[in-house]
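Reading through the structure tokens given below for one structure.
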Amino acid sequence: MALPNLLLRLNCKEYKNWMKAGLCLQILQSRLQGYIDSEMQKFHRQIIAGISPTARHRPRCQCRSQGKQFQPSCPVCMEWKNNILHHHKNRNGEIHWGNCNPSLWPIDYWELAKVFLPRGHTKSKGPHECDAAALLNLINFCDQFQVSNVSKVREVIKCRNDLMHSSNMKVSSSWLNDFGQKMQDLISELRHVPNSVNDPIQEVLLSDWSVDDLSVNEVDGFNAESFGGEFVYLRNSPLDGVSLNELEIQLVNQLLEELYLQKEESRALSEEDLGTVCKMKTFLIENQDLLPVFQEDLEKLELLLN
Ligand SMILES: [Zn+2]
């Protein structure tokens, strides 16, 4: 027997919109990863070519980066910092130096790439661990990427932030249409990237599903099927094989991570963030099927409120 809240949730128009936008960003992310990987390896080789031979095989030093600060006390780190800044399009703004370990710059291309990522990427090992927003930030800030209209990149980053700060995990259909247009603009801006993603993204935006008592159901040509209890996979549709449950778990996880990061950065949460914590808590309590997955998070959210 299906849990009533699970059915309500998976069939709610605005919640579906939220999931569709999240899925589009995941598709974009998977297609960008290989491209970013090869471009950042090229970028690393170029940076090394511009570094003096003595600084390429650098000795150990005591310089450490933290948060948005990196004040090198040795000439080697200073040379690396200046070289990197030369390629950073936000050199006068916020740079999350704390993401990287400067002593690894000569040997690890990704340690260098992390200078261009948003906060919270200290442990990132490569583009395969980055979401769409992080990869788009790289494209936005690193001059290795020549984009004629970078505002198209920023627009999608902004949409992703809207999505992740939507505490009730719902977006309107007009928001989704607007998002679809911005994704299309971005894709035409990145048309030199191999593996175009426009078709699958349009398919997701046009898709719909209806889950009725978690048995096979067909609406508008789209089937939703359940396998093993409460798990729902989309079948016989352009989204064949997409698991709605896995998708929503991934998206809720991202939202929670954002919240924890916010707390880590600023000692006290804003009124707005506290409101989000309350809504997330209520969401998890009301949706019993998700509770086993997010039990630990529920406790963490409780701590954030105290
Ligand atoms: Zn140093």
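Between 0 and 90 degrees, the angle of helix 132-141 with respect to the longest Cα principal axis of the chain falls at about 30 degrees. Of the trypsin sites (Lys or Arg not before Pro) found in segment 245-306, those in coil by DSSP whose Cβ has at most 10 other Cβ atoms within 10 Å are Arg267.
Compared with the dominant principal axis of the Cα atoms in the chain, helix 291-305 is inclined by about 60°. Solvent-accessible surface of segment 20-198, averaged per residue with a 1.4 angstrom probe and all protein chains in place: 48 square angstrom. Kindly flag which residue pairs out of Lys16/Lys68; Lys81/Lys158; Lys42/Lys300; Lys13/Lys68; Lys81/Lys182 have an alpha-carbon separation exceeding 32 Å in this structure. As for pairs spanning more than 32 Å Cα to Cα, those are Lys16/Lys68; Lys42/Lys300; Lys13/Lys68; Lys81/Lys182. Taking the charge dipole of segment 20-198 about its Cα centre, with +1 at Lys and Arg Cβ atoms and -1 at Asp and Glu Cβ atoms, the residue from Val156, Leu32, Cys61 reaching farthest to the positive side is Cys61.
Per residue, the convex hull spanned by the Cα atoms of the chain amounts to 145 cubic angstrom. The smallest convex shape that holds all Cα atoms of segment 20-198, its convex hull, gives 115 Å³ per residue.
Take the Cα radius of gyration of segment 76-178 and divide it by 2.2 N^0.38 Å, with N its residue count; two decimals is plenty. Numbers along the way, then the final one.
Values: Rg = 15.5 Å, N = 103, 2.2 N^0.38 = 12.8 Å.
Dividing the Cα radius of gyration by 2.2 N^0.38 Å gives 1.21.
When the accessible area of segment 60-196 is split by element with a 1.4 Å probe, what percent falls to carbon and sulfur? About 46 percent, which is the carbon plus sulfur part of the accessible surface.
Which value at 222 nm does the chain reach when only helices count, each DSSP H run of 4 or more adding -39,500 (n - 2.57), with the total divided by all residues and rounded to the nearest 500 deg cm²/dmol?
For the chain, the value works out to -18000 deg cm²/dmol.
The values are calculated or read from the model by the stated rules, or taken from the named source; none is laboratory data. All figures in this text were calculated on a predicted structure; none of them were measured in a lab. Methodologically, a virtual Cβ is constructed for each residue, glycine included, from the backbone with ideal geometry; neighbour enumeration extends over all protein chains shown. Please note that ligands, DNA and RNA were not included when accessible areas were found on the heavy atoms of the full protein model with its side chains. Shrake-Rupley method; radii C 1.70, N 1.55, O 1.52, S 1.80 Å.
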